[in-house]
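Here the structure is laid out as structure tokens; the discussion comes afterwards.
The values are calculated or read from the model by the stated rules, or taken from the named source; none is laboratory data. Only a predicted model underlies this, so the values are computations on that prediction, with no experimental measurement involved. Quick reminder, even Gly has a Cβ in these numbers, built from the backbone with ideal geometry, and neighbours come from all protein chains shown. Side chains are part of the model used for accessible areas, which takes the heavy atoms of the whole protein and leaves out ligands, DNA and RNA. Shrake-Rupley method; radii C 1.70, N 1.55, O 1.52, S 1.80 Å.
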Amino acid sequence: EVYLPALEEAGRATELNRYLLDESIAIMAARKKEGRPYVPLVRKLSSKEFLDQEFRKHGLKLIDSSGLPHSIVSFGLSESAFSTENQALNREVRMMCQQGFRVWLDDFGAGNMAMNGLLEPEFDAMRINLSTLKHHQETGRYQEILTGMLSLGRTIHLTSVVSGTSGSEEETMLMLEGCQKLQKTAA
């Protein structure tokens, strides 16, 4: 969130994400070859990268040559991207899912996406970033908003991933409300 806007402005964000994808796939492939466990990868992409056919072809070729399943990689696409590129992004989300990749609606609730924007894409998961909801704690609406977002995810059959959790009490509440996956804040 700090460096990505500057890299996008300079036209270099795709280079960084390509490098990160290359390195991550190499590490996972090496661990698989050694018989060691490896974990799924989530890469947040800008709408430009998501629509970039060369980026997708490179990623597909890389993953296929590694012997890893496509489902090991999830691509996150910020909901704010849908304000300008709705039809093109919906088409690309469907295409990525048809190729076996997972696509997450990233930072759900942080942007101004109309709820009807959730009708078209076929996302696998939605990631809720708690840092975007923290200001609601003071108004007493934090839990109601979070509970509603998790309920919406269940209703439309999306896996709910909540990032930025900070303690076991909060994590227990999230799991009780139907959150399937947690991403803890780095210590």
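Quick notes on this one:
- The C-beta contact set for segment 19-45 (first residue closer than 20 Å to Gly100 by Cα, second residue open to solvent by 60 Å² or more (accessible area, probe 1.4 Å) and modelled with pLDDT of 90 or more, distance under 8 angstrom, 6+ apart or interchain) comprises Tyr38/Ile27; Tyr38/Arg31; Tyr38/Lys32.
- Summed over segment 138-187, the residues that are open to solvent by less than 30 Å² (accessible area, probe 1.4 Å), assigned to a helix (DSSP H, G or I) and at pLDDT below 80 give a count of 2.
- Selection from segment 25-42 of residues that are modelled with pLDDT under 85 and open to solvent by less than 40 Å² (accessible area, probe 1.4 Å): Leu41
- Residues that are of a type in the set (Ser, Thr, Tyr), modelled with pLDDT of 75 or more and crowded, with 18+ Cβ neighbours inside 10 Å, drawn from segment 48-94: Ser74
- Matching residues in segment 95-132 - criterion: being assigned to a loop (DSSP other than H, G, I, E, B), over 12 Å from the mean Cα position of the chain (by Cα) and modelled with pLDDT of 70 or more: Gln99, Gly100, Glu122
- Single unsatisfied condition, Gly11 versus (1) more than 30 Å from Ile145 (Cβ to Cβ); (2) at pLDDT below 80; (3) open to solvent by 70 Å² or more (accessible area, probe 1.4 Å): (3)
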